[in-house]
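The values are calculated or read from the model by the stated rules, or taken from the named source; none is laboratory data. Keep in mind that this is a model prediction, so the values were computed, not measured. Cβ: placed from backbone, ideal geometry, glycine included. Neighbour counts: every protein chain shown. With ligands, DNA and RNA removed, areas are computed over all heavy atoms of the protein, side chains included. Shrake-Rupley method; radii C 1.70, N 1.55, O 1.52, S 1.80 Å.
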Amino acid sequence: MTKRTFGLALIVTGGLCVASAQEAPAPGRGGRGGPPPGQLAWAPKAAKLNPYVTPHKPHTKLADVLAMHKGQTDWTEPIVDDDNLNAAYISMGPGKKTPRRMNADTREWWVIQDGEIRFTIDGQEPFVASKGYLVQVPYRNMYSMETVGNRPSLRFEVNIAKARKMYPMDEKPVPVSGFEFVPVRVPGKGTYEEGNKPFVDFNAVVAGTDKTRRFIHDDRAVANIILGRGIPPPPLTERGHFHPESAEFWFILLNKIRYNIEGLDVFEADQGDIVYVPKQRFHLASFAGTGDSCRLAMNGYTDLSHSYEAETAK
């Protein structure tokens with residue numbers, strides 16, 4: 001006979017989080033026959049569930065965020081602020097523009113939710129991004145964003161934790177408490193490589209003309225496009241996996257995604273919503289609704305381990 005032993009985990013590494021039964025039904029990739037193959041190991045798991053600490057919520061509904069800022073055109077709503085990543089929803093009014101700036105050592109990326117933004121990035125032809133565009137810029141590449149059109153733009157902005165902005169000499173830096181800006185000379189800059197590119201039009205991904213699945217491939221973070229068709233709810237006994245050292249969060253790009261997170265009731269998230277799970281909590285994401293659904297999965301590791309409960313003989 002077999003015994004399910006809590007805490008004995010099947011360790012599988014891979015930043016592309018498509019390993020649960022409901023994410024990728026192919027055998028060996030988390031099909032209904034069980035988790036993908038991997039080595040058996042004892043995984044450390046906190047005796048008590050890691051709590052949700054402000055600003056983190058299991059489910060941030062876009063409708064609630066918009067209601068909080070009703071009547072405002074320029075606002076920022078923090079969503080993620082942990083050891084690895086920082087993210088916020090940001091609205092910018094028509095004609096508003098950021099100063100030219102760059103991150104000193106880290107990549108930055110955006111999901112455009114509404115309106116239109118003109119991006120001007122070092123070495124790239126300026127382009128206008130609208131809903132569905134995923135945009136990124138490597139470290140030490142100056143860029144600016146400007147809302148074009150007659151309505152505010154809304155973007156989900158993601159940075160590596162504690163990223164620091166730098167500004168060209170002809171721009172006035174945005175003040176940062178506890179810091180002063182001093183003139184420096186900074187050699188070198190990041191490039192678009194390892195599959196990274198200035199933007200991905202998610203509409204083309206859905207149409208099948210763009211096969212991009214790993215949007216961000218960086219030594220400090222990944223962002224993966226996970227696309228599939230809606231399925232019936234999985235049994236509650238299917239808990240998915242947990243990550244021993246990293247939280248994870250998702251931007252719902254299309255339709256609905258169903259979540260079973262340890263300690264919470266099962267819920268569904270809609271397009272534009274953000275779902276967050278602390279490290280060491282079991283979680284299972286599955287495609288809900290009808291037709292295609294998609295999420296952008298983000299975490300702070302290029303080859304994140306996935307720990308599944310293991311069956312052990314006794």
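Would you check if GLU194 is at pLDDT below 95 and open to solvent by 30 Å² or more (accessible area, probe 1.4 Å)? Judged against the criteria, GLU194 is a match. Per this entry, ARG151 is not counted among residues that are out of contact with any Pro (no Cβ under 9 Å at 6 or more places or on another chain) and either crowded, with 16+ Cβ neighbours inside 10 Å or of a type in the set (D, E, K, R) (or both). Meeting the requirement of 2 or more residues that are of a type in the set (A, V, I, L, M, F, W, C), under 17 Å from ASP218 (Cβ atoms) and in contact (Cβ under 8 Å) with a residue 12 or more places away in the chain, the strands (runs of 3 or more DSSP E) wholly within the stretch 84-156 are 85-92, 108-114, 133-137.
Would you confirm whether or not the stretch 63-85 contains a residue that is in contact with a helix residue (DSSP H, G or I) (Cβ under 6 Å, 6 or more places away or on another chain), open to solvent by 20 Å² or more (accessible area, probe 1.4 Å) and either modelled with pLDDT of 95 or more or more than 26 Å from MET169 (Cα to Cα) (or both)? Yes, some residue in the stretch 63-85 is in contact with a helix residue (DSSP H, G or I) (Cβ under 6 Å, 6 or more places away or on another chain), open to solvent by 20 Å² or more (accessible area, probe 1.4 Å) and either modelled with pLDDT of 95 or more or more than 26 Å from MET169 (Cα to Cα) (or both). Yes or no: the stretch 179-188 includes at least one residue that is in contact (Cβ under 8 Å) with a residue 24 or more places away in the chain and under 24 Å from LEU304 (Cα atoms). Scanning the stretch 179-188, I find no residue that is in contact (Cβ under 8 Å) with a residue 24 or more places away in the chain and under 24 Å from LEU304 (Cα atoms), so the answer is no. Do we have VAL222 as within 22 Å of SER286 (Cα to Cα), of a type in the set (A, V, I, L, M), surrounded by 15 or more Cβ atoms within 10 Å (Cβ to Cβ) and over 15 Å from the mean Cα position of the chain (by Cα) here? No: the conditions fail for VAL222. In the set PRO235, PRO244, only one residue is open to solvent by 50 Å² or more (accessible area, probe 1.4 Å) and closer than 19 Å to TYR308 by Cβ; that residue is PRO235. ARG164 - would you say it is under 27 Å from PHE249 (Cα atoms), surrounded by 16 or more Cβ atoms within 10 Å (Cβ to Cβ) and in contact (Cβ under 8 Å) with a residue 12 or more places away in the chain? No; evaluated as a whole, the condition is false for this residue. Of everything in the stretch 189-222 that is without any contact (Cβ under 8 Å) to a residue 12 or more places away in the chain and of a type in the set (A, V, I, L, M, F, W, C), the residue that is nearest to PRO126 (Cα to Cα) is ALA204.
For the stretch 303-312, the condition of being outside any strand (DSSP E or B) and among the hydroxyl-bearing types (Ser, Thr, Tyr) holds for none of the residues.
The single condition among (1) among the aliphatic types (A, V, I, L, M); (2) more than 26 Å from the chain's Cα centre (by Cα); (3) more than 21 Å from THR120 (Cα to Cα) that VAL186 does not satisfy is (3).
Filtering the stretch 259-271 to residues that are buried (at least 22 other Cβ atoms within 10 Å of the Cβ) and either in a loop (DSSP other than H, G, I, E, B) or not hydroxyl-bearing (Ser, Thr, Tyr) (or both) leaves ASN260, ILE261, ALA269.
Exactly one residue among PRO58, PRO35 is buried (at least 18 other Cβ atoms within 10 Å of the Cβ), modelled with pLDDT of 95 or more and under 29 Å from ASP218 (Cα atoms), and that residue is PRO58.
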